[in-house]
Amino acid sequence: MISAIRNSRPDEGARVVEIWRRAVDVTHGFLTREDRKAIDELVCGFLLQAPLWLAVDAKDYPMEEYWNPMVAQLSVSNFTEILL
């Protein structure tokens, strides 16, 4: 369960890449091995240094959150309160 949404930290780059790769594995089965390798190199170079918003668990660990109807019920105002 998502405990908070916060800015990423420089030491979390590897975890961000891991989350991204798992998302691609689930959603982009149409990519060829060569396409995936080319995209991976570009995206990983970006993700390792990009400032991002991360969902974290109660232990402040960046997490993958799959579609969850409870998360979808967050209103814009609730989401804004989380971010602020």
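The values are calculated or read from the model by the stated rules, or taken from the named source; none is laboratory data. All figures in this text were calculated on a predicted structure; none of them were measured in a lab. Every residue, glycine among them, receives a Cβ derived from its backbone with ideal geometry; neighbour counts consider all protein chains shown.
Only a single criterion out of (1) at pLDDT 90 or above; (2) loosely packed, with under 12 Cβ neighbours inside 10 Å is not satisfied by Arg21, namely (2). Only residues that are of a type in the set (Lys, Arg), in contact (Cβ under 8 Å) with a residue 24 or more places away in the chain and over 13 Å from Ala55 (Cβ atoms) were counted in the stretch 1-40, giving 1.
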